[in-house]
Amino acid sequence: MNSYRPSPAHRFTFGLWTVGNPGRDPFGLPVRDALSPVQIVKLLGDAGAYGVNFHDNDLVPVDATPAQERRIVSDFRKALADCGLCVPMATTNLFSDPAFRDGAFTSNDPKVRAYALQKTMRAIDLGASLGAKVYVFWGGRDGTETDAGKNLLDAQKWFREALNFLCGYARDRKYAIKFALEAKPNEPRGDIFLPTTGAMLAFIATLDRPEMIGVNPEVAHEHMAGLNFTHAVAQAWDAGKLFHVDLNDQAPGRYDQDFRFGAHNIKSAFFLVKFLEDVGYAGSRHFDAHAYRTSDAEDVKAFARGCMRTYLILKEKAAQFRADPEIQRLLAEITADDGAMDRFQGRFEKKKAAALKGHKFDRAALGRRGMPYERLDQLVVELLLGVR
């Protein structure tokens, strides 16, 4: 259906590392040919994406000469223009190189911490030169297997110092860029520091320039911890910190699966899409997902199209939810308010508190009121199954 075709207005993005994944995993070698950044841009252009994101070394190999870097970036920039794509987000790979075996910003080795800052500054320069407005930090190696090996307070301090330093750097360079922190509970480390979106939000409040820093929640990462992803997104939105979002799918409690968006838990994906559309989230819908290892090149294209198509289908379902009279009637019943409690609501006032303390509630009546959540949830299921 034409209504499910992506357009730039949908702001769908993928990383070079997503559709470019050759199918390698910890137990198996690559099963697909590696694609160059230019080839990936063309693939995403054909699929209808809005933009492409990258780690520094997804685009420019870490040992590239200055001349090689200029050529690679020039070719990439031309491909973006030819295919009508942009670069909304960039990030730094601070986890693949053996130098980061004990972390990057929280490594016990001060030389590694300094190198991580250097690498990130250069990567921020690269991202800003290509138009990125959001810069994501994922500390994949910043954690422990044994807490005997790291002072946890020092690690927090080092991470804080690094982000404060980089905020200063971005301001000094006058980059119109915001930072977004990405949480994950574990893998590749046994435990990763600041493992959830809520932990990141609390950490941001301790930084020198919290206004520059938000979060990049990822579906799979919250589900790995057994948490409700939409709740994490709502908390970030409420705090004004939802700077970016990573969409994929995941079975709770498993390793990081990065399935196609909506591939595992369609109801969870629906409520996420509904929330983003209801609040008017205007940022990128970034698919940080990977095709199955069983996929060939054509199936990778189907994977990319599937991520976007599923989002658009669920966006349509969210509109149906808002327009469904029976669903709306139940919601009105659930949230009915006769105004009797208005005088107790809002900010604290001494007279208001005294009146509330003296008010007599019919506790038994409060306990008798049921909520029709079974009926409501069944209507959601029927909506998603296409029978409403």
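Of all residue pairs spaced 6 or more apart or on separate chains, those with beta-carbon atoms under 7 Å, a first member in the stretch 310-335 that is without any contact (Cβ under 8 Å) to a residue 60 or more places away in the chain and a second member that is in a helix (DSSP H, G or I) and basic (Lys, Arg) are ALA318/LYS274; LEU330/ARG375. LEU272 fulfils the conditions (1) under 21 Å from VAL380 (Cα atoms); (2) assigned to a loop (DSSP other than H, G, I, E, B); (3) touching a Phe, Trp or Tyr at 6+ places or on another chain (Cβ under 9 Å) except for a single criterion, (2).
Just a yes or no: is a residue in the stretch 278-291 surrounded by fewer than 16 Cβ atoms within 10 Å (Cβ to Cβ), among the hydrophobic types (A, V, I, L, M, F, W, C), modelled with pLDDT of 95 or more and closer than 24 Å to VAL41 by Cα? Yes, the stretch 278-291 has at least one match. Residues of the stretch 288-318 that are acidic (Asp, Glu) and assigned to a helix (DSSP H, G or I): GLU298, ASP299, GLU316.
With respect to ALA123, determine if the residue is under 22 Å from ASP63 (Cβ atoms), assigned by TED's automatic domain parsing to the domain that holds GLU222, modelled with pLDDT of 95 or more and within 23 Å of the chain's Cα centre (by Cα). Taking the combined requirement at face value, the residue satisfies it. Considering the stretch 215-251, and only residues there that are touching a Gly at 6+ places or on another chain (Cβ under 7 Å) and touching a residue at least 60 places away in the same chain (Cβ under 8 Å), the residue that is nearest to PHE287 (Cα to Cα) turns out to be HIS244.
So is ALA289 within 19 Å of VAL134 (Cβ to Cβ), touching an Asp or Glu at 6+ places or on another chain (Cβ under 6 Å) and among the small types (Gly, Ala, Ser) or not?
Yes: the conditions hold for ALA289.
Tell me yes or no: at least one residue of the stretch 66-73 is surrounded by 19 or more Cβ atoms within 10 Å (Cβ to Cβ) and at pLDDT 95 or above. No, the stretch 66-73 has no match at all. Of all residues in the stretch 1-48, those satisfying the criterion of being modelled with pLDDT of 95 or more, polar (S, T, N, Q) and surrounded by fewer than 21 Cβ atoms within 10 Å (Cβ to Cβ) are SER36, GLN39. Taken over the stretch 21-37, residues that are closer than 19 Å to PRO61 by Cβ, touching a residue at least 24 places away in the same chain (Cβ under 8 Å) and among the charged types (D, E, K, R) amount to 1. Restricting attention to the stretch 162-180, does a residue exist that is under 23 Å from ALA304 (Cβ atoms), assigned to a loop (DSSP other than H, G, I, E, B) and either at pLDDT 95 or above or of a type in the set (D, E, K, R) (or both)? Checked the stretch 162-180: no residue is under 23 Å from ALA304 (Cβ atoms), assigned to a loop (DSSP other than H, G, I, E, B) and either at pLDDT 95 or above or of a type in the set (D, E, K, R) (or both). In a residue-by-residue description of the stretch 187-197, the property of being in a helix (DSSP H, G or I), polar (S, T, N, Q), closer than 23 Å to VAL219 by Cα and in the same structural domain as MET224 (by TED's automatic domain parsing) applies to at least one position. For the stretch 39-56, residues that are outside any helix (DSSP H, G or I) and either within 18 Å of GLY131 (Cα to Cα) or in contact with a Ser or Thr (Cβ under 6 Å, 6 or more places away or on another chain) (or both) total 7. Evaluated against (1) part of a helix (DSSP H, G or I); (2) closer than 19 Å to VAL245 by Cα, GLU69 falls short on exactly one condition, (2). For the stretch 12-38, filtering for residues that are of a type in the set (D, E, K, R) and either over 16 Å from ALA289 (Cβ atoms) or in a helix (DSSP H, G or I) (or both) leaves 1.
Please work out which residue is surrounded by the fewest Cβ atoms within 10 Å (Cβ to Cβ), limiting yourself to the stretch 93-150 and to residues that are of a type in the set (Ser, Thr, Tyr) and in a strand (DSSP E or B). In this case the residue turns out to be THR144.
Of the helices (runs of 4 or more DSSP H) that lie entirely inside the stretch 347-388, not one contains 1 or more residues that are in contact (Cβ under 8 Å) with a residue 24 or more places away in the chain and touching a Ser or Thr at 6+ places or on another chain (Cβ under 7 Å). For the stretch 38-53, a residue qualifies if it is in contact (Cβ under 8 Å) with a residue 60 or more places away in the chain and within 21 Å of VAL245 (Cα to Cα), and the qualifying residues are LEU44, ALA47, GLY48, ALA49, TYR50, GLY51, ASN53.
This table checks each residue for (1) among the small types (Gly, Ala, Ser); (2) closer than 19 Å to LEU314 by Cα; (3) surrounded by fewer than 20 Cβ atoms within 10 Å (Cβ to Cβ).
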| site | (1), (2), (3) |
| --- | --- |
| HIS231 | no, yes, yes |
| ALA239 | yes, no, yes |
| PRO252 | no, no, yes |
| GLN257 | no, no, yes |
| ASN265 | no, yes, yes |
| PHE270 | no, yes, no |
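Tallying residues that are surrounded by 10 or more Cβ atoms within 10 Å (Cβ to Cβ), out of contact with any Lys or Arg (no Cβ under 8 Å at 6 or more places or on another chain) and not in a helix (DSSP H, G or I) within the stretch 319-344 yields 1.
The values are calculated or read from the model by the stated rules, or taken from the named source; none is laboratory data. In this text, all values refer to a predicted model and were calculated from it rather than measured experimentally. Here Cβ is always computed from backbone atoms with ideal geometry, including for glycine, and neighbour counts include all displayed protein chains.
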